[in-house]
Amino acid sequence: MAPKIWLLKLILPGRFGWHLTGPVYFALLYSVFYLLQRYAGSAFATTFFCAITAYTMPAYAYICEYSRKAMADLAPELEMSQDELSAFIESLDHQSIAWQVMVLAWGILGGLGQIWLVSLEPDTAHMSAVQLALSTASLGSLLVWIVMTTAIFSLMQNAVRVGRLANQLKRVDLFRHDKLLPFARVGIASSLSILGALALFPILLVDDRSTLVSSAPGLIATGVPLILMLIFPVWRVHRRMKLAKQVAMAEVNQSIDEVRSAQGEPTLATLNTLLSYRKHLKQVPEWPLDTGAVGRLLLYILIVPMTWVGAALIENVVDALL
């Protein structure tokens, strides 16, 4: 069996491990960065790097566990043996050493690219290589890219693989689309976890040393997967639901045509039944979505730009006071 993904091994054990992981790692990281502030100190940047790392670790662990439960709920609808399903669920948070090394390498490359961009800015151009390497901007960028790349790459892969399970569905019951909601739950939960990370970016944007050049790569690398994580798990299910609805509509329309062309007393009652059935069929959703969950997602999406606007207002107030 493949080993558990290394990021999950950092979650503190015990009943309250998830709850304590964030605060404990935030305190540890902030202490380390505080000692290195003599090279390039920035309270906002330090807070951002520590906060987004401390948030991502437990959030990623929670989404992995949530996805496992969602797939277990979906089991009765899948044409998979218990062993196959168990192996699939296990693969959501277990990967080979080669996979983990590859993702770690991508994270390091992303961090080094971020450091290179920071080195081109006027505030850091005068720094020596040692000072730049030990600065909070460099170490923080490298740490965040490694952690975020691991979490996002894993969640993206899980979103794609969960979406492919639509091909393993036994049948699509148009009047019980609630049985297919686990597909959407995985996508929405993963997207919400990334939204939480985006909501922390205003901490960095308030810093007057931060520029669009240094912030844009992280925003893009976080924002694009957020949309894809929401689409991948439900797209294939949507296509199957849409096709099943088209087939059912064609069948009921054919039955209506046959009843209308027939003669006899029961024709009107049968026709009314078919028309009522077609009316309900038109109202059947084509997406495996829960309106309540979608509403919460839209609300959280609105929170992110609101935090950015709030950060801009705070920056303007501070500039005016100084």
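The values are calculated or read from the model by the stated rules, or taken from the named source; none is laboratory data. A quick note: this is a predicted structure, and the numbers were derived from the prediction, not measured. Here the Cβ is made from the backbone with ideal geometry for all residues, glycine too, and neighbour counts use every protein chain on show. Side chains included, ligands, DNA and RNA excluded: accessible areas come from the protein's heavy atoms. Shrake-Rupley method; radii C 1.70, N 1.55, O 1.52, S 1.80 Å.
Within the bounds of segment 262-272, is there any residue that is modelled with pLDDT of 80 or more and in contact with a Ser or Thr (Cβ under 9 Å, 6 or more places away or on another chain)? I'd like the intermediate steps shown before the answer.
Let us first name the residues in segment 262-272 that are modelled with pLDDT of 80 or more, namely 270-272.
With in contact with a Ser or Thr (Cβ under 9 Å, 6 or more places away or on another chain) added as a condition, the list becomes 270.
For segment 262-272, residues modelled with pLDDT of 80 or more and in contact with a Ser or Thr (Cβ under 9 Å, 6 or more places away or on another chain): present.
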Could you grab me the full set of residues in segment 70-87 that are assigned to a helix (DSSP H, G or I) and open to solvent by 20 Å² or more (accessible area, probe 1.4 Å)?
A72, D73, A75, P76, E77, Q82, D83, E84, S86, A87
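So, V144, is that one touching a Gly at 6+ places or on another chain (Cβ under 8 Å) and modelled with pLDDT of 80 or more or not?
Working: touching a Gly at 6+ places or on another chain (Cβ under 8 Å): yes; modelled with pLDDT of 80 or more: yes.
Judged against the criteria, V144 is a match.
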Some residue of segment 240-249 being closer than 18 Å to V186 by Cβ, at pLDDT 65 or above and within 29 Å of the chain's Cα centre (by Cα):
yes
Would you please name the residue that is modelled with the highest pLDDT, looking only at residues in segment 193-221 that are open to solvent by 40 Å² or more (accessible area, probe 1.4 Å) and in contact with a helix residue (DSSP H, G or I) (Cβ under 6 Å, 6 or more places away or on another chain)?
I203
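Look through segment 144-170, keep the residues that are in contact with a helix residue (DSSP H, G or I) (Cβ under 8 Å, 6 or more places away or on another chain) and open to solvent by 50 Å² or more (accessible area, probe 1.4 Å), and return whichever of them is farthest from G107 (Cα to Cα).
Taking segment 144-170 and keeping what is in contact with a helix residue (DSSP H, G or I) (Cβ under 8 Å, 6 or more places away or on another chain), we get 144-156, 158-167, 169-170.
Narrowing further to those that are open to solvent by 50 Å² or more (accessible area, probe 1.4 Å): 145, 153, 161, 164, 167, 170.
Details: W145: 5, F153: 10, R161: 22, R164: 26, N167: 32, K170: 39 Å.
My answer is K170.
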For the condition assigned to a loop (DSSP other than H, G, I, E, B) and closer than 18 Å to A54 by Cβ, what is the one hit in P23, P13?
P13
